[in-house]
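Student: I'd like to ask some things about the structure below.
The values are calculated or read from the model by the stated rules, or taken from the named source; none is laboratory data. For clarity, every value in this text was computed on a predicted model and none was experimentally measured. Here the Cβ positions follow ideal geometry from the backbone for every residue, glycine too, while neighbour counts run over all protein chains shown.
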Amino acid sequence: MTATIIDGKAFAAKVRGEVAKHVARLKEEHGITPGLAVVLVGEDPASEVYVRSKGKSTVEAGMNSYEHKLPADTSEAELLALIGRLNADPAVNGILVQLPLPKHLNSDLVINAIEPAKDVDGFHISNVGLLGTGQKAMVPCTPLGCLMMLRDHHGSLAGMEAVVVGRSNIVGKPMAQLLLGDSCTVTIAHSRTKDLGAVCRRADILVAAVGRPEMVPGDWVKPGATVIDVGINRIERGGKTVLVGDVDYDSAVKVAGAITPVPGGVGPMTIACLLANTVTAACRAHGLAEPEGLTA
Ligand code: NDP
């Protein structure tokens, strides 16, 4: 058996198209142009690439992008003052502070200073609590993207056995909450889990969010299972730097029923969901109907 390849790039293009359509409608019918503010502190090259790409995608979707680049020695008070201004600015519907922040800044404090309704990354403690209690939240982009792909592939997820490997606040925990919200039976595994292979083999849905290249081999995958590989790892192979996931794709693709590749799986969905969250935030801010299929 060879798995169906879940094409995250194509699916993300579809989601971005839906977002753009919704943005056009908001402009035409209500004179609203949603806006996303991205704040970057310091000159981390990888973060600069992400921020540029987020800004470009925001504009392509017809929304306004506001980039705020601050020097690496920005004080906490200066950063909090900027967030305060963005919170109060009605043209800004979404605020994203690019992580990681320089070490002298307290990320929790900074993230929790964002107005929860504008917290398009879904990391504010209010949004974490809302998601955990099954209420309307801003949902972290990467797990939201995984959920959208799973719903698209399976329709209902109710009653499925789901195993999430990884318990980070950014991916593993919100992913597990979302799967629980869709009535899966959820197990969260981590570095202290005993016999991880046996735990993974129970899964109808296996989500790997570990950050260890190709750690999950094909013989940990239940035949026919859907495998969502969140991992993005750069390794040297054949004299080149290549991107691989947390799943050993070549062996898993022979056992799984469906699988996301790396690259071209979960990755493209993350920015698409950031755009989706921004348009959702704009609709909520104006008391308008939310776009269907773009929220959890
Ligand atoms: P973290 O490092 O924050 O968390 C990793 C998790 O994996 C931890 O919970 C850790 O367990 C667990 N873990 C580590 N080693 C093992 C092991 N040997 N067995 C079982 N569990 C283990 O990573 P993130 O959640 O932020 O990211 C995970 C991966 O997803 C990374 O590759 C990252 O690059 C990628 N990523 C991709 C995104 C995308 O857009 N596609 C977005 C965000 C992340 P413990 O808690 O016990 O230490």
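Student: Say we look at segment 6-18 and pick out the residues that are out of contact with any Ser or Thr (no Cβ under 8 Å at 6 or more places or on another chain) and either among the charged types (D, E, K, R) or under 9 Å from ALA61 (Cα atoms) (or both); which of these is surrounded by the most Cβ atoms within 10 Å (Cβ to Cβ)? Full working, then the answer.
Tutor: Keep residues of segment 6-18 that are out of contact with any Ser or Thr (no Cβ under 8 Å at 6 or more places or on another chain), which gives 7, 9-15, 17-18.
From the residues that got through so far, the ones that are either among the charged types (D, E, K, R) or under 9 Å from ALA61 (Cα atoms) (or both) too are 7, 9, 14, 17-18.
On the way: ASP7: 16, LYS9: 15, LYS14: 15, GLY17: 12, GLU18: 19.
Out of the qualifying residues, it is GLU18.
Student: Select the strands (runs of 3 or more DSSP E) contained entirely in segment 213-296, then report the ones holding at least 3 residues which are buried (at least 22 other Cβ atoms within 10 Å of the Cβ). Talk me through it step by step, then tell me what you get.
Tutor: Details: elements: 226-229, 233-237, 240-244.
It comes to 226-229.
Student: If you scan segment 8-47, which residues turn out to be among the acidic types (Asp, Glu) and closer than 25 Å to ALA117 by Cα? I'd like the intermediate steps shown before the answer.
Tutor: Step one: of segment 8-47, the residues among the acidic types (Asp, Glu) are 18, 28-29, 43-44.
GLU18, GLU28, GLU29, listed by residue number.
Student: Still on this model: Output yes when any residue across segment 148-158 is loosely packed, with under 14 Cβ neighbours inside 10 Å and farther than 24 Å from THR4 by Cα, and no when none is.
Tutor: To start, the set of residues in segment 148-158 that are loosely packed, with under 14 Cβ neighbours inside 10 Å comprises 152, 155-156, 158.
Next, from what is left, pick out any that are farther than 24 Å from THR4 by Cα: none.
Taking every residue of segment 148-158 in turn, none turns out to be loosely packed, with under 14 Cβ neighbours inside 10 Å and farther than 24 Å from THR4 by Cα.
Student: Across segment 139-157, what is the total count of residues that are within 15 Å of the ligand (Cβ to nearest atom) and touching a Cys at 6+ places or on another chain (Cβ under 6 Å)?
Tutor: Within segment 139-157, the first condition is being within 15 Å of the ligand (Cβ to nearest atom), and the residues that meet it are 139-150.
Then keep just the ones that are touching a Cys at 6+ places or on another chain (Cβ under 6 Å); that gives 141, 144-145.
So the count comes out to 3.
Student: Given the options VAL216, VAL164, VAL171, VAL210, name the one that is in contact (Cβ under 8 Å) with a residue 40 or more places away in the chain, within 11 Å of the ligand (Cβ to nearest atom) and touching a Cys at 6+ places or on another chain (Cβ under 7 Å).
Tutor: Details: VAL164 fails: touching a Cys at 6+ places or on another chain (Cβ under 7 Å); VAL171 fails: touching a Cys at 6+ places or on another chain (Cβ under 7 Å); VAL210 fails: touching a Cys at 6+ places or on another chain (Cβ under 7 Å).
From the options VAL216, VAL164, VAL171, VAL210, the qualifying one is VAL216.
Student: Oh, and also: Show the residue pairs meeting these rules: Cβ distance below 6 Å; 6+ apart or different chains; first residue within segment 183-199 and assigned by TED's automatic domain parsing to the domain that holds GLY159; second residue of a type in the set (D, E, K, R) and at pLDDT 95 or above.
Tutor: Within 6 Å, the pairs are THR185/GLU161; ILE188/ARG167; HIS190/ARG167.
Student: Any residue that is acidic (Asp, Glu) and within 20 Å of HIS286 (Cα to Cα) - is there at least one of those in segment 88-106?
Tutor: Filtering segment 88-106 down to residues acidic (Asp, Glu) leaves 89.
With the extra rule that they be within 20 Å of HIS286 (Cα to Cα), the set shrinks to 89.
Checked against the condition, which is being acidic (Asp, Glu) and within 20 Å of HIS286 (Cα to Cα), segment 88-106 yields at least one hit.
Student: Six or more apart or on different chains, Cβ atoms under 7 Å: show the pairs whose first residue is in segment 55-69 and without any contact (Cβ under 8 Å) to a residue 24 or more places away in the chain and whose second is of a type in the set (A, V, I, L, M) and in a strand (DSSP E or B).
Tutor: Hits for this filter: GLY55/VAL38.
Student: If you don't mind, another one. Do we have VAL210 as at pLDDT 95 or above, in contact with a helix residue (DSSP H, G or I) (Cβ under 9 Å, 6 or more places away or on another chain) and closer than 24 Å to THR270 by Cα here?
Tutor: Numbers: at pLDDT 95 or above: yes; in contact with a helix residue (DSSP H, G or I) (Cβ under 9 Å, 6 or more places away or on another chain): yes; closer than 24 Å to THR270 by Cα: yes.
Yes: the conditions hold for VAL210.
Student: Residue by residue through segment 111-138, note down the ones that are among the β-branched types (Val, Ile, Thr), out of contact with any Leu (no Cβ under 6 Å at 6 or more places or on another chain) and within 16 Å of the ligand (Cβ to nearest atom).
Tutor: First, the residues of segment 111-138 that are among the β-branched types (Val, Ile, Thr): 111, 114, 120, 125, 128, 133.
Now restrict to residues that are out of contact with any Leu (no Cβ under 6 Å at 6 or more places or on another chain): 111, 114, 125, 128, 133.
Hits for segment 111-138 are ILE111, VAL128.
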